[in-house]
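Colleague: Encoded as structure tokens, here's the structure I'll be asking about.
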Amino acid sequence: MAGPLNPRRIALLGATGSIGSSALDVIARHPDRFAMHAVSARSRVPELLAICDRFRPDVAIVSDESSYASLRDGLKDLGLPTEARSGAGALDEIAASDDNDTVIAAIVGAAGVASTVAAARAGKRLLLANKESVVLAGAVLMRAASANNARIMPVDSEHNAIYQCMPGDGSREGVRRLLLTASGGPFRGRSRASLANVTAEEACAHPNWVMGRKISVDSATLLNKGLEVIEAHHLFGLPADRIEVVVHPQSVIHSLVDYVDGSVLAQLGNPDMRTALAYGLAWPERIDSGVAPLDLAALARFDFEPPDLQAFPGLGLAFDALRAGGTAPAILNAANEVAVAAFLEGRLPFLGIPDLIEATLAAQAIEPAADLGVLLASDREARRRAGELLRKMGIQ
Ligand code: NDP
Ligand code: MG
């Protein structure tokens, strides 16, 4: 049990992001429980330096090598003893290091997969926000975790909710279905035709959550829910036909577990990622997360509706990829990352995102997901093909 004598030692990968800052907020509330071993960013050095100044980690990492000198010099100027490191390899080393017991995987995209798997192999408590690594390498990750007694604590709010509602003995005994809730995103209720010219700013204006730009676009296309269906399959070991999605615009019921006796257990709370992070950090205890108590009378009502697969075909594509198995989810994820980057840069229209994913899946053979090497090769190949398809569409 973490306490004043043996605080949990944390490596926070993706410290400068949206999840990273929510994690820092929870950690700062409990200095007796948590000590910061390492923090990382890709390249935003000023933000990382501010975190180092406040949390005094032993190590700070920029995965972008060209940012190393400014990190090193900045730490020196601040008079901090924090050691600067750089490169993707430094992330994997920290994830596996014996100097921390808890890794928060809060990097965005498949760039997080190697460090996430390294933490599982090293038997860490792994607070898993980086859903793309589960979509890409779920089977490998779950095998590594179970072989090395790593405890995966889902941070994605839906999966955290399901984790809290599953049988306490870690089994799937009596579970009929998982019900994943979706807010519907900023374009809920709109027709497909009306989405042709939406901008990145509109797509990133989520009604209930403030998040990084990539996941915000994923929420707008519903591909985020598709990635979460695949994530739920791996984390909880249920097939696609026992995972359902229901749109719940208030984002207060974070997800539900339906049991064979007719009981449906749900986890509720204000939409704030600090709840899931506090749960993962302190489990099996409960600690203050800074999240305001839920005011049901003020909310007054909960609404539910089925997802619109015509306007948002990304969700259907993800179900198809999960059913196809093998490398299909890796291809889906990679094509989506390429498409979202092009959309955020104003090069690809919104409706081009699912189109590009579908075309990439059609162009690339699906192979058995034998090991991480095969999956990473498939990820690289899908990125190359998606880039080529973009160029064929006249998009540079
Ligand atoms: P952000 O874009 O806000 O933050 C991403 C973090 O990862 C930053 O620290 C960034 O560093 C770093 N990073 C980006 N690219 C790379 C790379 N190639 N290599 C190493 N580090 C990199 O993302 P979010 O916090 O929104 O999301 C993080 C993960 O959590 C995603 O997988 C997302 O799907 C998941 N998630 C997020 C939720 C949310 O509420 N935000 C909710 C549920 C899940 P830098 O600042 O230097 O660019
Ligand atoms: Mg989620």
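The values are calculated or read from the model by the stated rules, or taken from the named source; none is laboratory data. Note that the structure is predicted; figures quoted are calculated from it, not measured. Quick reminder, even Gly has a Cβ in these numbers, built from the backbone with ideal geometry, and neighbours come from all protein chains shown. What goes into the accessible areas is simple: the full protein's heavy atoms, side chains included, and nothing from ligands, DNA or RNA. Shrake-Rupley method; radii C 1.70, N 1.55, O 1.52, S 1.80 Å.
Colleague: Could you tell me whether any residue of the range 238-249 is within 16 Å of ligand 1 (Cβ to nearest atom) and open to solvent by 10 Å² or more (accessible area, probe 1.4 Å)?
Modeller: Yes - at least one qualifying residue is present in the range 238-249.
Colleague: Could you figure out which of (1) within 14 Å of ligand 2 (Cβ to nearest atom); (2) in contact with a strand residue (DSSP E or B) (Cβ under 6 Å, 6 or more places away or on another chain); (3) open to solvent by less than 10 Å² (accessible area, probe 1.4 Å) isn't true of residue 163?
Modeller: (3)
Colleague: For residue 94, are the conditions met, namely being within 21 Å of residue 19 (Cβ to Cβ), in a helix (DSSP H, G or I) and touching a His at 6+ places or on another chain (Cβ under 9 Å)?
Modeller: Values: within 21 Å of residue 19 (Cβ to Cβ): yes; in a helix (DSSP H, G or I): yes; touching a His at 6+ places or on another chain (Cβ under 9 Å): yes.
Considered against the rule, which asks whether it is within 21 Å of residue 19 (Cβ to Cβ), in a helix (DSSP H, G or I) and touching a His at 6+ places or on another chain (Cβ under 9 Å), residue 94 comes out as yes.
Colleague: Inspect all residues belonging to the range 164-174 and state whether any of them is more than 14 Å from ligand 1 (Cβ to nearest atom), under 15 Å from residue 128 (Cβ atoms), not β-branched (Val, Ile, Thr) and not assigned by TED's automatic domain parsing to the domain that holds residue 278. Give the steps one after another, and end with the answer.
Modeller: As a first pass, look at the range 164-174 and keep what is more than 14 Å from ligand 1 (Cβ to nearest atom): 164-174.
This time we only want the ones that are under 15 Å from residue 128 (Cβ atoms), so: 164.
Restricting the remaining residues to those that are not β-branched (Val, Ile, Thr) gives 164.
Restricting the remaining residues to those that are not assigned by TED's automatic domain parsing to the domain that holds residue 278 gives none.
No, the range 164-174 has no match at all.
Colleague: If only one of 72, 121 is out of contact with any helix residue (DSSP H, G or I) (no Cβ under 6 Å at 6 or more places or on another chain) and farther than 26 Å from residue 257 by Cβ, which one is it?
Modeller: Working: 121 fails: out of contact with any helix residue (DSSP H, G or I) (no Cβ under 6 Å at 6 or more places or on another chain).
From the options 72, 121, the qualifying one is 72.
Colleague: Just a yes or no: is a residue in the range 183-203 of a type in the set (A, V, I, L, M) and within 16 Å of the chain's Cα centre (by Cα)?
Modeller: First, pick out the residues of the range 183-203 that are of a type in the set (A, V, I, L, M): 193, 195-196, 198, 200, 203.
Now narrow it down to the ones that are within 16 Å of the chain's Cα centre (by Cα): none.
The answer is no; no qualifying residue exists.
Colleague: Tell me which residues, restricted to the range 13-39, are open to solvent by less than 20 Å² (accessible area, probe 1.4 Å), within 15 Å of ligand 1 (Cβ to nearest atom) and touching a helix residue (DSSP H, G or I) at 6+ places or on another chain (Cβ under 6 Å).
Modeller: Scanning the range 13-39 gives 13, 14, 15, 23, 26, 36, 38, 39.
Colleague: Taking only pairs six or more apart or across chains, which ones have beta-carbon atoms under 6 Å, a first residue in the range 342-359 that is outside the structural domain of residue 187 (by TED's automatic domain parsing), and a second residue that is modelled with pLDDT under 95 and surrounded by fewer than 18 Cβ atoms within 10 Å (Cβ to Cβ)?
Modeller: Going by the 6 Å Cβ cut-off, the qualifying pairs are 347/395; 348/395.
Colleague: Could I ask something else about it? Out of curiosity, is residue 7 over 26 Å from residue 376 (Cα atoms) and crowded, with 19+ Cβ neighbours inside 10 Å?
Modeller: no
Colleague: Determine which single condition residue 183 fails, assuming it passes every other condition in (1) within 15 Å of ligand 2 (Cβ to nearest atom); (2) closer than 24 Å to residue 282 by Cα.
Modeller: (2)
Colleague: Considering each of 105, 118, 110 in turn, give the residue that is open to solvent by less than 40 Å² (accessible area, probe 1.4 Å), in contact (Cβ under 8 Å) with a residue 60 or more places away in the chain and out of contact with any strand residue (DSSP E or B) (no Cβ under 8 Å at 6 or more places or on another chain). First the steps, then the outcome.
Modeller: Details: 105 fails: out of contact with any strand residue (DSSP E or B) (no Cβ under 8 Å at 6 or more places or on another chain); 118 fails: in contact (Cβ under 8 Å) with a residue 60 or more places away in the chain.
Result of the check over 105, 118, 110: 110.
Colleague: Only one residue in 213, 143, 188, 192 is open to solvent by 60 Å² or more (accessible area, probe 1.4 Å), away from ligand 1 (no atom under 13 Å from the Cβ) and in contact with a helix residue (DSSP H, G or I) (Cβ under 9 Å, 6 or more places away or on another chain). Which one?
Modeller: None of the others qualify; the one that does is 143.
Colleague: Consider residue 217 carefully, then state whether it is among the aliphatic types (A, V, I, L, M) and under 16 Å from residue 157 (Cα atoms). Give the derivation first.
Modeller: Working: among the aliphatic types (A, V, I, L, M): yes; under 16 Å from residue 157 (Cα atoms): no.
So residue 217 does not fit the description; no.
So that you can scan it fast, the table gives a plain yes or no per residue for (1) closer than 26 Å to residue 156 by Cα; (2) touching a Phe, Trp or Tyr at 6+ places or on another chain (Cβ under 7 Å); (3) among the hydrophobic types (A, V, I, L, M, F, W, C):
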| position | (1), (2), (3) |
| --- | --- |
| 26 | yes, no, yes |
| 31 | yes, no, no |
| 52 | yes, no, yes |
| 68 | no, no, no |
| 74 | no, no, no |
| 77 | no, no, no |
| 82 | no, no, no |
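Colleague: Of the conditions (1) modelled with pLDDT under 95; (2) assigned to a helix (DSSP H, G or I), residue 396 satisfies every one except a single condition; which number is it?
Modeller: Here residue 396 clears every test but (2).
Colleague: Also: Provide a single number: the residues in the range 281-295 that are among the small types (Gly, Ala, Ser) and more than 14 Å from residue 30 (Cα to Cα). Break it down into steps so the answer makes sense when it comes.
Modeller: Taking the range 281-295 and keeping what is among the small types (Gly, Ala, Ser), we get 282, 289-290, 292.
Subset that is more than 14 Å from residue 30 (Cα to Cα): 292.
Number satisfying all stated conditions: 1.
Colleague: Exactly one of these conditions fails for residue 129: (1) closer than 22 Å to residue 223 by Cα; (2) within 10 Å of ligand 1 (Cβ to nearest atom); (3) more than 13 Å from the chain's Cα centre (by Cα). Give me its number.
Modeller: All conditions are met except number (3).
Colleague: Could you check the range 315-338 and list, in sequence order, the residues that are among the small types (Gly, Ala, Ser) and in a helix (DSSP H, G or I)?
Modeller: Narrowing the range 315-338 to residues among the small types (Gly, Ala, Ser): 316, 318, 321, 324-326, 328, 330, 334-335.
If the condition is that a residue be among the small types (Gly, Ala, Ser) and in a helix (DSSP H, G or I), then 316, 318, 321, 324, 328, 330, 334, 335 are the ones that fit.
Colleague: Any residue in the range 66-80 that is assigned to a loop (DSSP other than H, G, I, E, B), within 16 Å of ligand 2 (Cβ to nearest atom) and open to solvent by 50 Å² or more (accessible area, probe 1.4 Å)? If you could, list the steps in order and put the result at the bottom.
Modeller: Going residue by residue through the range 66-80, those that are assigned to a loop (DSSP other than H, G, I, E, B) are 78-80.
Then keep just the ones that are within 16 Å of ligand 2 (Cβ to nearest atom); that gives none.
No; the residues of the range 66-80 include none that is assigned to a loop (DSSP other than H, G, I, E, B), within 16 Å of ligand 2 (Cβ to nearest atom) and open to solvent by 50 Å² or more (accessible area, probe 1.4 Å).
Colleague: Just to be sure I understand, how many residues within the range 337-362 are farther than 20 Å from residue 319 by Cβ and surrounded by fewer than 20 Cβ atoms within 10 Å (Cβ to Cβ)?
Modeller: Of the residues in the range 337-362, 7 are farther than 20 Å from residue 319 by Cβ and surrounded by fewer than 20 Cβ atoms within 10 Å (Cβ to Cβ).
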